[in-house]
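The values are calculated or read from the model by the stated rules, or taken from the named source; none is laboratory data. Predicted model, so just to flag it, every value in this text is computed and none were measured. Glycine also receives a Cβ, built like all others from the backbone with ideal geometry; neighbour counts cover every protein chain displayed.
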Amino acid sequence: MFLIWDTNLDTTTINMNDKLKRLAKNITELLINVSTPQDTYYSLRMMMEKQKDYFQYMGAENILKLTFYCYSFAETSSFDLGDKMLNNIGFAVVFYNSGDNHNEDCDNCSGNGEISCIVCDGTGKVDCDICDTSGEMECPQCNGSGEIDNHGEIITCDECAGDGIVSCDECGGDERMDCNNCNGGQVICDDCYGNGQIVTDDYDYERYFIVTWNKFIKERCEYTEGDTDITMSEYDFDRLRDEYIKLRIDTKWIHFADWVNANEIYCSYYNDNPKMFLDNEMFLDTREDNMKAYIKR
């Protein structure tokens, strides 16, 4: 499905637009928030989730038009504003990174921050060397004889009750003792120092598929598409947030080329008439939309 935003509309398109405008009249007041185009889009998507059977075959083009018509009707009680915005739209994929390195789960400890102690095999216990894992030792009072000399009289040793052996002082008769190398069988992972995360050379970034009717944004995206020029600052992009709709947001990570600066907006794709689909989210289906130009080689 290609989006066609031509002023010379055929009868079928005009009839569909009329249907969408009638639908917009009926549902606008049911949307949670229509204060901005972005809020209107989010609110419409929430309604679509609840009414999947009704909206699932409407298509990406009509959902987008319906968004503009609902916003226009909420703002002006007419559709002139929506038609004006639709006649000036362009589509772009832009991204920015905040300079934060991407963290991944440590392979050595599977993100736990700890690994099994190699001394005790993760049991937290080791064999007692004092008693050779017998749990017993020679009675120190009678030296294992079971008897003691009490002023010339030989009597039974009260320490071992005449057995000559007592429980091992080191392990308390358990035959095993706590491992001194770990805490309950676990030791801090040397690879991640207990954090469970490894800092990579990649950078986290956010990627937005947007539709905009703002002349400045369109011109900057078209001019800087896929090259080293900064499209605009993240500050300006945020300042102009009511001049575009984020149709899709992706959080990803790559190893950026050295010339990609943090907190700057770059455009990887621009098109006035893209191929676009609607699944769980709005998305492009084009091989031209890629990040190859921005990846470190």
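Scoring Val211 on the criteria (1) surrounded by 15 or more Cβ atoms within 10 Å (Cβ to Cβ); (2) out of contact with any strand residue (DSSP E or B) (no Cβ under 7 Å at 6 or more places or on another chain) leaves a single failure, condition (2). Residue selection: Cys139 satisfies the criterion of being surrounded by 14 or more Cβ atoms within 10 Å (Cβ to Cβ) and either closer than 23 Å to Asn195 by Cα or out of contact with any Lys or Arg (no Cβ under 9 Å at 6 or more places or on another chain) (or both).
Being under 27 Å from the mean Cα position of the chain (by Cα) and assigned to a helix (DSSP H, G or I) is true for just one of Ser72, Ser43. Which residue is that? Only one candidate passes the filter, namely Ser43. Considering only residues in segment 157-177 that are in contact with a Gly (Cβ under 9 Å, 6 or more places away or on another chain) and loosely packed, with under 14 Cβ neighbours inside 10 Å, the one that is modelled with the lowest pLDDT turns out to be Gly172. Restricting segment 94-115 to residues that are under 24 Å from Glu206 (Cα atoms) and of a type in the set (Ser, Thr, Tyr) leaves a set whose member that is surrounded by the most Cβ atoms within 10 Å (Cβ to Cβ) is Tyr96.
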